[in-house]
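Q: The structure follows.
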Amino acid sequence: MSHQISEVNVAGIVEELRARGHRVTPQRRAIVAETLGTEGHIAPQAVAKKVSERVPGVNASTVYRTLELLEELGYVSHAHLEDGFQYHLVGRGGHVHLVCARCGRQEALPVEKTVPFKRLIEKHSGFSPDFSHFSISGLCAACRKLQDSR
Ligand SMILES: [Zn+2]
Ligand SMILES: [Zn+2]
Ligand SMILES: [Zn+2]
């Protein structure tokens, strides 16, 4: 079922790219399909690697450009994590990335949980923060326990 939906989306997006004057190659179609089929985040390098296992002749610049186009069209959003740029499907990026500075463990916190802090900052300076765009560094629960037991 969900497979069918994503097939429709891929075809629709490929059509949209073509209608906007972008060349649609098998490589580009595979990049769109790989990105849309990913749960969670995917890095451009991982998209390139996975796509090149199925379609030859994928170069990094095509991957970067296609991901940028998908973002311009509103299908994906990017975040800056410890290991670089990552893309999410729009609608699945609504979380804050927490990264443990000690063990590297990554966790996701629903962005709704940060609303009180967001309101606080808005009230103080009028600035509206986007906590989901960069990862937040700190200590995970296990590392905190280790630290406390010292
Ligand atoms: Zn994420
Ligand atoms: Zn950015
Ligand atoms: Zn940790």
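Q: Once the piece of chain linking Ala108 and Asn59 is laid out straight, how much longer is it, given 0.36 nm per residue of separation minus the C-alpha distance between them?
A: Once the chain is fully extended between Ala108 and Asn59, it gains 14.6 nm.
Q: Next question. How high is the FRET efficiency between Glu122 and Asp83 when r is their beta carbon distance and R₀ equals 30 Å, given to the nearest 0.05?
A: The computed FRET efficiency comes out at 0.50.
Q: Next question, about the same structure. Give the Cα extents of segment 2-89 along the principal axes, in whole Å, largest first.
A: 35, 26, 24
Q: So for segment 95-148: antiparallel DSSP bridges make up what percent, rounded to the nearest 5?
A: So the antiparallel bridges in segment 95-148 amount to around 60 percent.
Q: Okay, next question. In whole Å, what is the distance between the alpha-carbon centres of segment 3-62 and segment 75-129?
A: 25 Å
Q: Separate question: What per residue convex hull volume, in Å³, comes out for segment 54-131 when only alpha-carbon positions are used?
A: With only Cα atoms used, segment 54-131 gives 149 Å³ per residue.
Q: Could you tell me which trypsin sites (Lys or Arg not before Pro) in segment 1-91 are loop residues by DSSP with no more than 10 other beta carbons within 10 angstrom of their beta carbon?
A: Here the trypsin sites (Lys or Arg not before Pro) that fit, given the DSSP loop and packing criteria, are Arg20, Arg23.
Q: How much length, in nm to one decimal, is gained on full extension between Cys143 and Ala101, taken as 0.36 nm per residue of separation minus their Cα-Cα distance?
A: Extra length from Cys143 to Ala101 when fully extended: 14.2 nm.
Q: Another question, if that's okay. Restricting the count to DSSP beta bridges whose residues both fall in the chain, what percent are antiparallel, rounded to a multiple of 5?
A: Here the share of antiparallel DSSP bridges comes out near 75 percent.
Q: About its Cα centre, what dipole magnitude does segment 102-150 give when the only charges are +1 on Lys and Arg Cβ and -1 on Asp and Glu Cβ, stated in debye to the nearest 20?
A: 240 debye
Q: In µm²/s, what is D for the chain at 20 °C and 1.002 mPa s, where D = kT/(6 pi eta Rh) by Stokes-Einstein and Rh is the Kirkwood radius from Cα pairs?
A: It comes out at roughly 124 µm²/s.
Rule-based calculations on the coordinates, nothing more; no lab input. Worth saying up front: this structure is predicted, and the values here are computed from it rather than measured. With ideal geometry, Cβ positions are generated from the backbone for all residues, glycine too; neighbour counts draw on all protein chains shown.
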